[in-house]
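Input: a single structure, listed below in structure tokens.
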Amino acid sequence: MDTIKVVAAIILTIYLFPFLSFGFQSDELLVDDEEFGLEGAPQPRFPEPTSTRSAPVTTATRKRHSDLDSDSKIEFSLDHAFGDSDFSPAGTFSARIKTWSHGGQTLTKLRFSRNNFTSEEQKKFKNLLESDDFYRIRLPSNVLSPPGRDFIISSVKARCLPREGLDEHFVIHLEGVNVLAVNYGSPGSCSYPRNLKLPVKWSFSSYTVLKNSEQAPRAPIFTEEILGGENGGGEVVQPPERSFWAKYWMYLIPLGLIITNAITQAMNMPEEQATGQVPASAGMVQRGPSSAARRR
Amino acid sequence: MAIRSFFVPFLLFALCFYSSLTPVLSLYEDQVGLMDWHQQYIGKVKQAVFSTQKTGRRRVIVSTEENVIASLDLRHGEIFWRHLLGSDDVIDGIDIGLGKYVITLSSGGSVLRSWNIPDGQMVWESFLQGPKHSKSLLLVPTNLKIEKDNVIVVFSNGRLHAVSCIDGEVLWNKDFEAESFEAQQVIQPPGSDLIYVIGFAASSQFEMYQINARNGELLKHERATFSSGFLREVSLVSSETVVALDSTGSILLTISFQNGEISFQQTPISNLVEDPSGPAAILPSSVPGIFAIKTNAFTIFIRVIGEGKLEVVEKTNHETTVSNALPISEGQQAFALVQHAGSEIHLAVKISHDWDGNLLKESIKMDQQRGLVHKVFINNYIRTDKSHGFRVLIVMEDHSLLLLQQGAIVWSREDGLASIIDVTASGLPVERDGVSVAKVEHNLFEWLKGHMLKLKGTLMLASPQDVAAIQSMRLKSSEKSKMTRDHNGFRKLLVVLTRAGKLFALHTGDGRIVWSHFLQSLHKSGTCQSPIGLNLYQWQVPHHHAMDENPSVLVISRCGPCSDAPAVLSFVDTYTGKELNSLSLVHGVVQVIPLPYTDSTEQRLHLLIDSDKHAHLYPTTSEALRIFKREFSNIYWYSVEDHNGIIKGHALKCKCTGEVADEFCFDTRDLWSVVFPSESEKIIATVTRKLNEVVHTQAKVVADQDVMYKYISRNLLFVATVAPKGSGEIGSVTPEESWLVAYLIDTVTGRILHRVTHHGAQGPVHAVFSENWVVYHYFNLRAHRYEMSVIEIYDQSRADNKDVWKLVLGKHNLTSPISLFSRPEVITKSQSYFFTHSVKAIAVTSTAKGITSKQLLIGTIGDQVLALDKRFLDPRRSVNPTQAEKEEGIIPLTDSLPIIPQSYVTHALRVEGLRGIVTVPAKLESTTLVFAHGVDLFFTQLAPSKTYDSLTEDFSYALLLLTIVALVAAIFVTWRLSERKELQDKWR
């Protein structure tokens, strides 16, 4: 399913590329299921880190919710700065605010439209690439009343962004309508040492992920078991069961030695008796060569 | 014979091996004190009262700034008994009632307790409420009785209470409702039934209440206004006269309220002394007829003669401290006066009405390292010739407590060690000629004798005397307290910084103080009125082959409580305790970042961030600057503003652009920020990994021969936030209103790697971060229990390096450098467990190479340290582990963590007021050194996976030797026997 989505997204992007080449390129959003699942589901699963490239999805569930709860549209802007310069507008996020019946508000259907670099900005960015400096972005910390308490800043070394074009990846951590943090960077790896590489195309392809908090799994409770039969000894760790040999080898080896010793002694006894009675027997034969040699 | 002697070592080996398999972590009774030591302290003494009961031993009862009430032996300074009140139960006053009870007033005057002097048991406790918060005063009159009941008078929370000394029952109380009335003194003139409460209302009104001591009836209320206002401090010069200063500190006011009439007498200080130099302050004392004021340059003693006339008796520019008055005979009161003069202190005991005559005059040589005398308490005794003798208890600037008698220091206690603020460990010098300080060098005979005794003990042949000899020999082993480096790295110096600003070096072998040094920069001086020691860092750690260089530590302190006060750096040699250098900085210090770079003399580079967000590099050498420039773009740090819930990341920008060129100063810039919504989250804990932690391997082999790669980054920060409502006490909110969010944040890029919400959870949060895991402790409101959670973080980007062929052909990415600007591919695993105790501190064991498995060291509410195996906090635990998992050592999941009584590291001891646990790796991989500090100190060695790399201390070398000898003899004998037999055979 995911692969189909990804393929669809790629096809979509490829298809849209020539179309949008003149102005800005509207790239989307991504709407992970978890944003919707959170409210009801007791145990949301981990967000799949690789599923970020998904195309806009419209699901029946969302429709249903929007029928119940009020829905309003908002926009907030993304600002950027080159090195230590001042921030200037770089794009706009638009989203819908969903107000739940219990009063909570969540952000959904995030879309992002990125302004393309002006020629001046291109020059600045080139300077950044040459000096291996930081490209910085910022978002308001509250999307309803920007900028909220403070701006959320994030930076990346400019050399991490260029690939074919300029690839960027946003992970926006939300708490209701508050933006907690934004993780900004390249969608893949940024190898070190960073080499100077100019982008072929001066257009951004942006990937956006919204993330809400996961709920911690609850501590397991085994009341029945404790009441059951372990009578308090349940906490004691049972050492793993080992085989007979593993347990008693230190006794078995000396025992074996004793036995072999005893057997050899027992063997010697009859031998001695035998040698005493019959002088020209096995013992003699064994020593045969040496005594023969000596006698020679 | 041959078989037996062959058997002995074998059995021995088997025995050794078997004993190492049994999962017993605890000590045996006779091992207590072998590797651990425990020291008891009380803290800086606030108040002392002497118990002068004829029966029983002489003792002094003290209350301290660590909220300890203790009874000390006057002859030796040992503790008879001691009680540590909670940190919010600050002691306001102590006194002795009926000669056999200690009365303490604490918790802002709301708890009054009585303790039995001989054994320290609490006799009664009563709670005193009142209408408003106020100063609390305790008065135990000697002869005030209401119906044969001795009375304690307490002024607290705006109400005057008379409490029975026998059972703590409140006999009467009287409210002082006047809004702005602040009581300064409660006086009960001896022999009368009146109580005077005097104080100030508004800023310029003096008020006096006269109260009937029998029933609390208000007899008289007088007030008088003085237009220029008062300074709040008063000094009582007689039972009906007090002295105060006006609000400018330049006019002395003698206020007498004889017969309920208030009268003022004004005396400008300039009339008494020519050059008062600035405003004065009254020194608190209660000597009849005499009081002391202190100006910038002088301490002036003034006598009150008759009707408000004042006369200067002495003016001195030495540091002077005065004790309270002590009645010695009818109408005579003595007091002690201590003055500093160079390296000596002069002690004088005078009678209150005769300044010039001394009852006693002594000079005592005083260690400069103790600083000034802060407090003096006087006590008298009858000498053998029936004359009065005096002893004084003095509290020094370094918080030590000394008893002086007959011109000598009878005993001293280093109570500064009760308030340690930072600890670091340092090695000891290598043993060379002239360095060895060990007193007893064993000769062969002693060595053999010792081992023969041990052998006897092992074979259970030892008599009780022998057993005692063995035990004392083990405890006194001179090996462990030598002043040189040992092969296993067990002997170290613990360098500790106390709140008083004194550095101590403690020997890990027996806990003795090797040296102590009162930092010059932490002495109160004209330029720096309230110096505070902040932190201790290892400044220079010479390579262990460098024999001639001594390691040194960096002490960071600053003048005053706010962060922009100028900082002072001091460098102290850890072998000798000498202060090598001291730098007074022009800037403040908010953050100190030890950088992972050292210069050619092994000095560590440190970056100091000041309050204007400038970074300053130390040491200020060109070499350090060169190293720093090389790594300039790779230095990142973060700051936590927990008051407004923002975490910011920073990097360096360029040289400072100030008017003064300073090439070691750098501007900084913000790289990222995380803003927690103020209405839903409040930061309560942030934890990072220890900088010097060693991780042995990144790979972790799991059950089915699979490998997981730990995400090991030095730049991870654990942050815990709670709902602002839920940041109060446990139980103050409902589970629905309270939550706890745990974050793992990368401090270079500000990425949130993991974020998880615990609903219905509440702080306080205690956490420890090590390798790739973090363990945190909090309260679960739904389950009404404490809980501990573990988060482990694994690196997925290296997960496909499992193919052996890839490794062989070098097609793996294990050696490629990691950039945190790449998108991280991590997964986290977490699990929660219930835990019975609330926690004061958590630490984790650390070993030299990080191979040994880890234990969590949990400081419990009972002031003990519990060792808990990390295996119990493994998110891979499941209810029914598979066979493979069991073999790997995964413990079946239980809902709560076990507390095994034998795993208390502190065994039977308590580290009262536990505040911190520090672990230091020994050189021997299996062993870690643990130091727990609070009011008490405790040190021990731990081997989380048993001492797999060394023989135990009580290993009997003699037995081994004997066995070898016996074996050789047996070989010899059997060889001879077989020779003989062969010969016989041949002769046949």
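Take B:Arg370 and tell me if it is surrounded by 14 or more Cβ atoms within 10 Å (Cβ to Cβ), at pLDDT 90 or above and within 32 Å of the chain's Cα centre (by Cα).
On the way: surrounded by 14 or more Cβ atoms within 10 Å (Cβ to Cβ): yes; at pLDDT 90 or above: no; within 32 Å of the chain's Cα centre (by Cα): yes.
No; evaluated as a whole, the condition is false for this residue.
Looking only at the range B:218-249, residues that are touching a Gly at 6+ places or on another chain (Cβ under 9 Å) and of a type in the set (Gly, Ala, Ser) come to 3 in all.
With a cut-off of at least 1 residues that are of a type in the set (D, E, K, R), touching a residue at least 24 places away in the same chain (Cβ under 8 Å) and surrounded by fewer than 17 Cβ atoms within 10 Å (Cβ to Cβ), name the strands (runs of 3 or more DSSP E) lying wholly within the range B:280-320.
Values: elements: B:281-283, B:290-294, B:299-305, B:309-316.
Where strands (runs of 3 or more DSSP E) fall fully within the range B:280-320 and carry at least 1 residues being of a type in the set (D, E, K, R), touching a residue at least 24 places away in the same chain (Cβ under 8 Å) and surrounded by fewer than 17 Cβ atoms within 10 Å (Cβ to Cβ), they are B:309-316.
Residues that are more than 11 Å from chain A (Cβ to nearest Cβ) and over 28 Å from the mean Cα position of the chain (by Cα) within the range B:777-789 comprise B:Leu781, B:His784, listed in sequence order.
Quick check: is even one residue across the range B:827-846 part of a helix (DSSP H, G or I) and out of contact with any Gly (no Cβ under 8 Å at 6 or more places or on another chain)? No. Scanning the range A:193-217 for residues that are out of contact with any His (no Cβ under 9 Å at 6 or more places or on another chain) and more than 10 Å from chain B (Cβ to nearest Cβ) gives A:Asn195, A:Leu196, A:Lys197, A:Leu198, A:Pro199, A:Val200, A:Lys201, A:Trp202, A:Ser203, A:Phe204, A:Ser205.
The residues of the range A:148-168 that are out of contact with any helix residue (DSSP H, G or I) (no Cβ under 9 Å at 6 or more places or on another chain) and facing chain B (nearest Cβ under 10 Å), listed by number, are A:Gly148, A:Arg149, A:Asp150, A:Phe151, A:Ile152, A:Ile153, A:Ser154, A:Ser155, A:Val156, A:Cys160. Restricting attention to the range B:267-279, the residues that are more than 12 Å from B:Lys315 (Cα to Cα) and in a helix (DSSP H, G or I) total 3. Within the range B:821-840, restricting attention to residues that are farther than 28 Å from B:Arg751 by Cβ and either more than 7 Å from every other protein chain (Cβ to nearest Cβ) or under 26 Å from the mean Cα position of the chain (by Cα) (or both), the residue that is surrounded by the most Cβ atoms within 10 Å (Cβ to Cβ) is B:Phe835. Against the test of being within 14 Å of chain A (Cβ to nearest Cβ) and buried (at least 19 other Cβ atoms within 10 Å of the Cβ), the options B:Ser896, B:Ser878 yield a single qualifying residue, B:Ser896.
For the range B:151-174, the count of residues that are over 40 Å from the mean Cα position of the chain (by Cα), at pLDDT below 85 and of a type in the set (D, E, K, R) is zero.
Listed here are the residues, each with its yes/no results for (1) closer than 13 Å to B:Val495 by Cα; (2) within 23 Å of the chain's Cα centre (by Cα); (3) hydrophobic (A, V, I, L, M, F, W, C).
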site	(1), (2), (3)
B:Leu534	no, yes, yes
B:Asn550	no, no, no
B:Leu554	yes, yes, yes
B:Cys559	no, yes, yes
B:Leu585	no, no, yes
B:Gly588	no, no, no
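Could we say that B:Gly43 is at pLDDT below 90 and either away from chain A (no Cβ under 14 Å) or assigned to a loop (DSSP other than H, G, I, E, B) (or both) here? No, not satisfied.
Please enumerate the residues belonging to the range B:919-939 that are under 21 Å from B:Ile851 (Cβ atoms) and either within 14 Å of chain A (Cβ to nearest Cβ) or outside any loop (DSSP other than H, G, I, E, B) (or both). Working first, answer last.
Let us first name the residues in the range B:919-939 that are under 21 Å from B:Ile851 (Cβ atoms), namely B:919-930.
Listed by number, the residues that qualify are B:Thr919, B:Val920, B:Pro921, B:Thr928, B:Leu929, B:Val930.
Filtered by the rule that a residue be within 12 Å of chain A (Cβ to nearest Cβ) and surrounded by fewer than 19 Cβ atoms within 10 Å (Cβ to Cβ), the range B:627-648 gives B:Phe632, B:Ser633, B:Asn634, B:Glu641, B:Asn644.
Selection of strands (runs of 3 or more DSSP E) fully inside the range B:331-407 by the criterion of at least 2 residues being more than 29 Å from B:Pro531 (Cα to Cα) and in contact with a strand residue (DSSP E or B) (Cβ under 6 Å, 6 or more places away or on another chain) returns B:332-341, B:344-351, B:354-365, B:373-382, B:388-396.
Of a type outside the set (Ser, Thr, Tyr), over 26 Å from the mean Cα position of the chain (by Cα), surrounded by fewer than 21 Cβ atoms within 10 Å (Cβ to Cβ) and part of a strand (DSSP E or B): does that describe B:Leu580? Answer is no for this residue. With the condition kept exactly as written, say whether any residue in the range B:945-964 is at positive phi and touching a Ser or Thr at 6+ places or on another chain (Cβ under 8 Å). Yes, because at least one residue in the range B:945-964 is at positive phi and touching a Ser or Thr at 6+ places or on another chain (Cβ under 8 Å). Take B:Ile818 and decide whether it is at the interface with another protein chain (Cβ under 10 Å from one of its Cβ atoms), in a loop (DSSP other than H, G, I, E, B) and under 30 Å from A:Val171 (Cβ atoms). Criteria met by B:Ile818. Scan the range A:97-148 for residues that are crowded, with 19+ Cβ neighbours inside 10 Å, without any contact (Cβ under 8 Å) to a residue 40 or more places away in the chain and among the hydroxyl-bearing types (Ser, Thr, Tyr) and jot them down. Listed by number, the list holds a single entry, A:Ser141. Selection within the range B:583-626: residues that are touching a Ser or Thr at 6+ places or on another chain (Cβ under 9 Å) and among the acidic types (Asp, Glu). The member of this set that is surrounded by the fewest Cβ atoms within 10 Å (Cβ to Cβ) is B:Glu623.
Could you list all residues from the range B:881-893 that are at the interface with chain A (Cβ under 9 Å from one of its Cβ atoms) and either farther than 28 Å from B:Val930 by Cβ or of a type in the set (Gly, Ala, Ser) (or both)? Selection gives B:Gln883, B:Lys886, B:Glu887, B:Gly889, B:Pro892, B:Leu893.
Scan the range B:978-988 for residues that are away from chain A (no Cβ under 13 Å) and surrounded by 11 or more Cβ atoms within 10 Å (Cβ to Cβ) and the total you get is 0. The selection criterion, being buried (at least 19 other Cβ atoms within 10 Å of the Cβ) and either of a type outside the set (Lys, Arg) or on the phi > 0 side of the Ramachandran plot (or both), holds for B:Leu74. On inspection, B:Ser600 does not qualify as more than 26 Å from A:Ser85 (Cβ to Cβ), outside any loop (DSSP other than H, G, I, E, B), touching a helix residue (DSSP H, G or I) at 6+ places or on another chain (Cβ under 7 Å) and of a type in the set (Ser, Thr, Tyr).
Does the range B:196-203 include one or more residues that are of a type in the set (A, V, I, L, M, F, W, C) and at positive phi? Break it down into steps so the answer makes sense when it comes.
Pass one, the range B:196-203, residues of a type in the set (A, V, I, L, M, F, W, C): B:197-198, B:200-202.
Filter once more, keeping what is at positive phi: B:202.
Checking the range B:196-203: at least one residue is of a type in the set (A, V, I, L, M, F, W, C) and at positive phi.
Taking the criterion of being within 14 Å of another protein chain (Cβ to nearest Cβ) and aromatic (Phe, Trp, Tyr), the residues of the range B:671-717 that qualify are B:Trp672, B:Phe676, B:Tyr711.
The values are calculated or read from the model by the stated rules, or taken from the named source; none is laboratory data. What you see is a predicted model; the values in this text were computed from it and never measured. Neighbour counts run over all protein chains shown; Cβ positions are idealised from the backbone, glycine included.
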